[in-house]
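What follows is a single structure, written as structure tokens, with notes after it.
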Amino acid sequence: MEFEAVIRGRRSIRQFTPEPVPQELIREILDQARWSPSWANTQAWSVYVVTGETLERLRSAGKAPNQREAPAGPDFRMPREWPPYLAARSKQLYDLRAATAPADTTAPAAAGSGEFYGAPCVLFFAAERSLASDYVLFDSGLIVQSVCLAAHDSGLGTCIMAMAVRDPDALRELLPEAAEKQFVVGVALGYADQEAPVNRFERQRVPLAELVSWAG
Ligand SMILES: Cc1cc2nc3c(=O)[nH]c(=O)nc-3n(C[C@H](O)[C@H](O)[C@H](O)COP(=O)(O)O)c2cc1C
């Protein structure tokens, strides 16, 4: 794919088909993405590929969230409120998404956020815990974007999900190798249901003139 088609064509997919993603394809995507830049080339990130039975366990927990008596909360602070101009952009997204809900309310609900939108695979990104710098989040974002672009280039859909890591203790229980890591996001990965309106609404972006200031 042309670079511009990849960067503009990638979009968050919120309804996946159940078709599994071949392990070799996941490997290729991650093999490309590991060339992302990071502070002093520290690459302080780890990726956990979760599929099959393990993912189903997480999905069932997602249907009935907050079963833990006192959930510790996410490893990184999540925004609770925005200044009005950012809140307006967020509202715009939620309005566009709401408009894609099926008119027939008796239709079976599609897999929601807690079920990773039905994705057959979720990549969990975790970062080294001992780093005293917020830039580890920046680095993680770079590799996450690389994964999303490489996946799109390979015909796969993704959705970056902070919601997927809101109970990181449950993830650490399920993924013992991650005991000493902090979870940044999950990325739902799979084949997009191309017909689903939630995957087709026209997205908005701030115009260049509002985004950029020039000096000199
Ligand atoms: C850090 C981060 C966390 C996100 N968390 C979620 C999430 O939990 N659930 C979700 O549906 N989308 C989530 N998104 C996707 C954003 O809503 C999406 O990227 C944004 O609306 C722009 O749309 P696009 O990805 O289709 O271009 C997240 C994106 C980022 C970068």
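The values are calculated or read from the model by the stated rules, or taken from the named source; none is laboratory data. Nothing here was measured: the structure is a model prediction, and the numbers come from that model. A quick note on method: Cβ atoms are made from the backbone with ideal geometry, for glycine too, and the neighbour counts reach across all protein chains shown. Please note that ligands, DNA and RNA were not included when accessible areas were found on the heavy atoms of the full protein model with its side chains. Shrake-Rupley method; radii C 1.70, N 1.55, O 1.52, S 1.80 Å.
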Quick test of the membrane-span-like rule: which DSSP H helices of the chain reach at least 24 Å along their long axis (C-alpha atoms) with mean Kyte hydropathy at least 0.5?
135-153
Once both label points are put 7 Å beyond Cα along the C-beta direction, the THR54-ILE7 separation in nm becomes 3.4
Check: segment 92-209 dipole with +1 on Lys, Arg Cβ and -1 on Asp, Glu Cβ, in debye:
240
Rounded to the nearest 500, what is the 222 nm mean residue ellipticity of the chain from helices alone, with -39500 (n - 2.57) per DSSP H run of 4+ residues and division by all residues?
-10500 deg cm²/dmol
Show me the ranking of peptides 147-153, 3-9 by mean Cβ neighbours inside 10 Å, starting with the highest.
147-153, 3-9
Arranged from highest to lowest average of other beta-carbon atoms within 10 Å per residue, in what order do the peptides 49-55, 181-187, 124-130 appear?
181-187, 124-130, 49-55
Heavy atoms only, probe 1.4 Å: what % of the accessible area of the chain goes to carbon and sulfur, would you let me know?
54
When ligands, DNA and RNA are left out and all protein chains stay put, how many square angstrom of accessible area per residue does the chain have with a 1.4 Å probe?
63
Under a 5 Å amide H to amide H cut-off, with H placed in plane at 1.01 Å, what residues pair with GLN15 once short-range neighbours are removed?
ASP193
Where nothing but the Cβ of Lys and Arg (+1) and of Asp and Glu (-1) is charged, how large is the charge dipole of segment 1-65 around its Cα centre, in debye to the nearest 20?
380
